[in-house]
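Working notes, beginning with the structure itself.
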Amino acid sequence: MKQLFCAYFRKNRNWLALVVLCALIFSMVFSLYDLPVESVTYATLLCGFVAVIFFSFSFPRFVKRHRQLADLQDRITVDLQHLPQPKNAIEERYQELIKILFEHQAELNFKADKTRQELDDYYTLWAHQIKTPIAALGLLLQDQPSSQTTELYLELFKIEQYVEMVLHYLRIDSPASDFVFQRYNLEDIVRPAVRKYARMFIQRKIGLTVRELNQEVLTDAKWLGYVIEQVLSNAVKYTPEGSITIYLDDTPSQGQFLVIEDSGWGIAPEDLPRIFEKGFTGYRGRIDQKSTGIGLYLCKLILDKLSHPIQVESVVGKGTQVKIGLNRVELQAK
């Protein structure tokens, strides 16, 4: 209320200055004509009384107007139908300017949405079309085995994964994102991801241990499976030798977590708080110079949509633990 009071006087400071100036003029005129002091005092009190009456009517209207405009802050981005009626020609001109700016902004938003949609359509089409030559190359590698077949297959597998990343990146913020929440057995989600990367485990001679995962989880199997694939991809990429272990961690205070643990290089402490930032590659990524900084960023976006928390713990030289929370809030219709 104090701020409104100060704003009210700032708004009416010109009128206030005029009233004070008039009072001074009347006082000077009265003193020049040697009028009694009682007359000056009476006139001053009368003016003060009129000012109090004016204030008692004007200030509540000012507060009401201020609150109306404050309530409009959340709605004015959608439409201008709730703008209050202008009180004078100045307010009318301001509202005309607001309408012009609103229409211009709406036009810019429409053009931006159209451009974004066209780009999404193009890249989605490209990602689907590129799968055909990738599949053809895979068949050619199978028909022409050689000493370099394994290396070529792994490089082709990386290309396929990058294409999948593009598709998921385009779909994650799409209104048509096909999230289907059901109860799945966690093992049925993890096993396909492990099989997908089996060749890389063998080629890099990395040990893999998958412990008991017979646990139901409410989630979207396709999107959670993609997150697990991305985490496994990072684990393989940054584990030159050693092993990767997948298991369940159940703590009463925090709930159940799917843990993917590797014995790789680990993440530097100064990089750990920023690993989910878009485009952040960290110390190891700068050395490798092939990291995009999109994988974990996309994983975080997906897991936020699925209401699954994610935690990462790491020690340089000893490895990394990625924990995906399996408990999510279930909303029941009343």
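The values are calculated or read from the model by the stated rules, or taken from the named source; none is laboratory data. Not measured: the values here are computed from a predicted model. Don't worry about glycine lacking a Cβ; one is built from the backbone with ideal geometry, like all the others, and counts go over all protein chains shown.
Scan K87, K114 and give me the residue that is within 21 Å of R10 (Cβ to Cβ), of a type in the set (D, E, K, R) and surrounded by fewer than 11 Cβ atoms within 10 Å (Cβ to Cβ). Write out each step before concluding.
Values: K114 fails: within 21 Å of R10 (Cβ to Cβ).
Of the residues listed, the single one that is within 21 Å of R10 (Cβ to Cβ), of a type in the set (D, E, K, R) and surrounded by fewer than 11 Cβ atoms within 10 Å (Cβ to Cβ) is K87.
Condition (residue is part of a loop (DSSP other than H, G, I, E, B) and out of contact with any Phe, Trp or Tyr (no Cβ under 6 Å at 6 or more places or on another chain)) applied to the range 192-203: is it met by at least one residue? Step through it out loud before you land on a result.
Going through the range 192-203, the residues part of a loop (DSSP other than H, G, I, E, B) turn out to be 197.
Next, from what is left, pick out any that are out of contact with any Phe, Trp or Tyr (no Cβ under 6 Å at 6 or more places or on another chain): 197.
Yes, the range 192-203 has at least one match.
Condition first: surrounded by fewer than 13 Cβ atoms within 10 Å (Cβ to Cβ), at pLDDT 80 or above and of a type in the set (S, T, N, Q). Now tell me which residues in the range 150-182 satisfy that.
Of everything in the range 150-182, just one residue is surrounded by fewer than 13 Cβ atoms within 10 Å (Cβ to Cβ), at pLDDT 80 or above and of a type in the set (S, T, N, Q), namely Q182.
Out of L232, L213, report the one residue that is at pLDDT below 95, of a type in the set (A, V, I, L, M, F, W, C), buried (at least 17 other Cβ atoms within 10 Å of the Cβ) and assigned to a loop (DSSP other than H, G, I, E, B). Let's see the steps before the verdict.
Working: L232 fails: assigned to a loop (DSSP other than H, G, I, E, B).
L213 is the lone residue from the list that is at pLDDT below 95, of a type in the set (A, V, I, L, M, F, W, C), buried (at least 17 other Cβ atoms within 10 Å of the Cβ) and assigned to a loop (DSSP other than H, G, I, E, B).
Quickly run through the range 20-50 and pick out the residues that are among the β-branched types (V, I, T) and under 20 Å from P60 (Cβ atoms). Walk me through how you get there before you give the answer.
Of the residues in the range 20-50, the ones among the β-branched types (V, I, T) are 20, 25, 29, 37, 40-41, 44, 50.
Answer for the range 20-50, where residues must be among the β-branched types (V, I, T) and under 20 Å from P60 (Cβ atoms): just V50.
With (1) within 19 Å of G295 (Cβ to Cβ); (2) surrounded by 13 or more Cβ atoms within 10 Å (Cβ to Cβ) as the list, and P240 as the residue in question, which single condition is left unmet?
(2)
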